[in-house]
Amino acid sequence: MEEYYMMWLSRIPNLGVHKVLDLLEHFGTAEAIWKASFSELREVKGMGTFYCRAVQYAKNEAQLEEWIGELEEKDIRFISIKSPEYPYLLKQIYDPPIGFYMKGVLPEDDIDKVSVVGARRCSHYGASVAYKLTKDLASANIVIVSGMATGIDGIAHKGVLDGGGQTIAVLGTGVDVCYPVEHKELRERIIENGCVISEYPPQTKAHPQRFPKRNRIIAGLSPMTIVIEAGKKSGTFITADQALDNGREVFVVPGNVTSALSEGTNNLIKQGCPIITNFEDVLAALGIAFTENEKQSLQKHMTENMEQEEKEVYRCIQQEPINAETISRILKRNIQEVQYSLTLLEIMGRIQKLPQLGYIRKY
C-alpha cells in the first residue's frame, strides 16, 4: 500500500520530488504523510501554507481507490523513488521523478544500458546506423533506452528487439496510450521484451510540453547517450544537454557534412563529444572487454545476423585490399548498392577502408 501512497504524492500538483523527500525524511512513510494534520505538515522545513494546503486538498480516499483500481485493471505498476526496484542511475539525476508507471518488466539494474536518440525525420543513412548499432549491442546484452518516437527512437527499439535484446521506452504520455499510433505493434514487442515507462498517469495524452521533460529520464537511465542524426535545432539536444548536466557522457555518430540532418551531430563533435562508429566503441566506453573466444563467438553471431546483401559483400573482403568496383563486378551488383553495403559494414566495425587501396576485414 505504501507505493500507492507514493503514487498519490506524485500526483499532487507543484509538490516536486525535493519537497516529497523532505516530507518522507520527516514522517518516514508516505502513509504517515497522508495521515498528517495541517499543523503537523507545517512543522516540516520549507512546507509553507501553499504546500500544506495542496497536500490536504489532495487527500481523497475514493479517488485513490479509483487510481489503484485502474492500475490493477490495466496491469500497470507504479515504482516509487523509495522502491528497491527504482533504477540507481535515475535516482542520481538532479530532478528524478517521484515515481513512474510501468507496463512490462524493468531490466535488471546491473545490466548495462545505453540511451539512443535522434531525428524523427531521419535519413536512410541515420536509420541504417541506428538499426545496425542497436542490433549489434543486443548481441552484447546491452539494454537500449529511447523514447518510442518516429525516426531514430523507434528504429533503435526495433534494432535491439530484432537482435534478441531488451529495451526501455520512456513515454511522454501515459503507459496505456500508444503514441504515435503507428507504433502499436512495436509497443507490444517492447512490453514483451522490456517495458514502457512514464512519470505521467494513465490516460495522459500527448502534449508538446511533456516530451522535453521526459527526456531527462531517457538520459538519466544510462551512463551514456548516443546521438544519431540531429538537425541544427533538433529537440534531441534537450536530451544531450540533460545527460551532460547530470554528468553523463554523450557520444555522437558522425553524419554527412552536406546533410542538414547532420548539422547538429557534427556540431556536437566540434564541441568535443566523442565519436561512435560501431558497437565496439560503445562497449569500450562502457568498459566492457571480451576474451578472444567470446569475441570470436560474438563476431560469428553478428555475421550470421547480417542482411544477405552485407553477407555477400563481406565474403568478398579478406586481408588483401579490394575496392568497390571489383566487388561490384564479382557480385554483378550495382556499384551504389555495393557502396551502401560497404558503408554499413564499416559502421558495424566488420571492415576497414584503406585510403586508395580498398577494404580489408577487421575480423
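The values are calculated or read from the model by the stated rules, or taken from the named source; none is laboratory data. Note that the structure is predicted; figures quoted are calculated from it, not measured. Glycine also receives a Cβ, built like all others from the backbone with ideal geometry; neighbour counts cover every protein chain displayed.
Criterion applied to Leu41, Leu21 was being among the hydrophobic types (A, V, I, L, M, F, W, C) and touching a residue at least 60 places away in the same chain (Cβ under 8 Å), and the one residue passing it is Leu21. Within the stretch 134-158, residues that are closer than 16 Å to Ser123 by Cα sit with their Cβ atoms under 9 Å from residues that are of a type in the set (Asp, Glu), at 6+ positions apart or across chains, in these pairs: Thr150/Glu182; Gly151/Glu229; Ile152/Glu229; Gly154/Glu182.
If I filter the stretch 155-163 for residues that are touching a His at 6+ places or on another chain (Cβ under 9 Å), part of a helix (DSSP H, G or I) and buried (at least 24 other Cβ atoms within 10 Å of the Cβ), do I get at least one hit?
Among the residues of the stretch 155-163, at least one is touching a His at 6+ places or on another chain (Cβ under 9 Å), part of a helix (DSSP H, G or I) and buried (at least 24 other Cβ atoms within 10 Å of the Cβ), which makes the answer yes.
Could you tell me which residue of the stretch 95-114 is nearest to Arg214 (Cα to Cα), considering only residues that are charged (D, E, K, R) and not in a strand (DSSP E or B)? Can you show your working first?
Applying the first criterion (charged (D, E, K, R)) to the stretch 95-114 yields 95, 103, 108-110, 112-113.
After this cut, where a residue has to be not in a strand (DSSP E or B) as well, the list is 95, 108-110, 112.
Numbers: Asp95: 11, Glu108: 21, Asp109: 20, Asp110: 23, Asp112: 21 Å.
Taking the candidates together, the pick is Asp95.
Within the stretch 272-363, which helices (runs of 4 or more DSSP H) (wholly inside it) include 1 or more residues that are modelled with pLDDT of 85 or more? Fully inside the stretch 272-363 and qualifying: 279-285, 308-316, 324-331, 335-347.
Of all residues in the stretch 107-127, those being surrounded by fewer than 20 Cβ atoms within 10 Å (Cβ to Cβ) and either touching a helix residue (DSSP H, G or I) at 6+ places or on another chain (Cβ under 6 Å) or over 20 Å from Ser234 (Cα atoms) (or both) number 6.
Cβ-Cβ contacts under 6 Å between residues 6 or more apart (or on different chains), taken from a first residue in the stretch 65-91 that is more than 30 Å from Arg248 (Cβ to Cβ) to a second residue that is among the hydroxyl-bearing types (Ser, Thr, Tyr), are listed as Ile68/Tyr4. Within the stretch 319-363, the set of residues being touching a Pro at 6+ places or on another chain (Cβ under 7 Å) and surrounded by 15 or more Cβ atoms within 10 Å (Cβ to Cβ) comprises Gly358, Tyr359, Ile360.
Scanning the stretch 55-78 for residues that are among the hydrophobic types (A, V, I, L, M, F, W, C) and closer than 16 Å to Leu24 by Cα yields one hit, Val55.
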